[in-house]
Number of protein chains: 2
Amino acid sequence: MSFDPASLKYDANGLIPCIAQDPVSGEVLMMAWMNAEAVARTLETGRVTYWSRSRAAFWVKGETSGHVQRLVELRVDCDRDCLLALVEQEGPACHTNRRSCFYTAVRDGGEVVLSAPMA
Amino acid sequence: MSFDPASLKYDANGLIPCIAQDPVSGEVLMMAWMNAEAVARTLETGRVTYWSRSRAAFWVKGETSGHVQRLVELRVDCDRDCLLALVEQEGPACHTNRRSCFYTAVRDGGEVVLSAPMA
């Protein structure tokens, strides 16, 4: 069965969430959004490309920071309304310079910061 | 700093995406949605509780199927608009009876099913 980005289920804004994961460590790096064109560009170029909701523009991850994501494999969930991108992440994925955006844990009713920005 | 579910950023429908991950294998199991009350219930009970958009009701994962998710740790991302729940998953997370909902890969322009339903 051939893959067509139009076959995915997008929300009212034409977007689908995409989780980025390091397939070697298993670490969940970030979650961002794609539209159908971003999905197509990601597959065509091998460079993970999101849709920036704040800038209303394509966001080739790492284009300005150098912290690129090379696509290893794109996966689709059972409902076709969420994507999982296995990626080779160059440096930090997070704009705070941490490897993962999920660096805050809820423990004993409080928040704990798990990692420091990368040097 | 104490954690308040109201401090998270919810979308126009009052929902926040939550990624469920097996912290031992690293496998991303599923993504579903929570509202502030579902976040609070998840933390209070240790049973991962989503908001079912299709049923417009709380969804205590596994309540009918037995495929419960016990919360190991809840994490918040840098923008406070996405959650990562580390969970002990009983059996399959997916309604298709697969361990993970992300069982379809896009390879060479086509779709490949990576796993069979659990016995």
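The values are calculated or read from the model by the stated rules, or taken from the named source; none is laboratory data. It should be emphasised that the depicted structure is a prediction, and the values quoted were computed from it without experimental measurement. Positions of Cβ are backbone-derived with ideal geometry, glycine not excepted, and every protein chain shown enters the neighbour counts. Side chains included, ligands, DNA and RNA excluded: accessible areas come from the protein's heavy atoms. Shrake-Rupley method; radii C 1.70, N 1.55, O 1.52, S 1.80 Å.
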Examine segment B:68-79 for a residue that is facing chain A (nearest Cβ under 10 Å) and either aromatic (F, W, Y) or on the phi > 0 side of the Ramachandran plot (or both), and state whether such a residue exists.
-> no
Before we move on, is A:A56 under 26 Å from A:N35 (Cβ atoms), at pLDDT 95 or above, open to solvent by 40 Å² or more (accessible area, probe 1.4 Å) and among the aliphatic types (A, V, I, L, M)?
-> yes
Residues of segment B:80-96 satisfying the condition of being within 12 Å of the chain's Cα centre (by Cα) and more than 7 Å from chain A (Cβ to nearest Cβ) | B:L83, B:A85, B:L86, B:V87, B:E88, B:Q89, B:A93
Filter segment B:97-119 for residues that are loosely packed, with under 14 Cβ neighbours inside 10 Å and not aliphatic (A, V, I, L, M); the one that is farthest from the other protein chains (Cβ to nearest Cβ) is B:P117
Counting only residues that are among the hydrophobic types (A, V, I, L, M, F, W, C) and more than 21 Å from A:R70 (Cβ to Cβ), which one in segment A:8-31 is surrounded by the fewest Cβ atoms within 10 Å (Cβ to Cβ)?
-> A:A12
Selection over segment B:1-59 where residues are outside any helix (DSSP H, G or I), out of contact with any helix residue (DSSP H, G or I) (no Cβ under 9 Å at 6 or more places or on another chain) and small (G, A, S) yields a count of 11
Go over the candidates B:R99, B:R75 one by one and state the one that is among the basic types (K, R), part of a strand (DSSP E or B), under 14 Å from the mean Cα position of the chain (by Cα) and at pLDDT 95 or above.
-> B:R75
From the list A:W33, A:W51, which residue is touching a residue at least 24 places away in the same chain (Cβ under 8 Å) and aromatic (F, W, Y)?
-> A:W51
How many residues are hydrophobic (A, V, I, L, M, F, W, C) and in contact (Cβ under 8 Å) with a residue 24 or more places away in the chain when one looks only at segment A:56-70?
-> 1
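Just checking, which of A:A36, A:A6, A:A56 is of a type in the set (A, V, I, L, M), more than 14 Å from the chain's Cα centre (by Cα) and away from chain B (no Cβ under 14 Å)? Break it down stepwise before answering.
Values: A:A36 fails: away from chain B (no Cβ under 14 Å); A:A6 fails: away from chain B (no Cβ under 14 Å).
Only one candidate qualifies: A:A56.
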Report, ordered by the first and then the second residue, all pairs with beta carbons closer than 7 Å, sequence separation of six or more or different chains, a first member in segment B:98-119 that is on the phi > 0 side of the Ramachandran plot, and a second member that is in a loop (DSSP other than H, G, I, E, B) and among the aromatic types (F, W, Y).
-> B:G109/A:F3
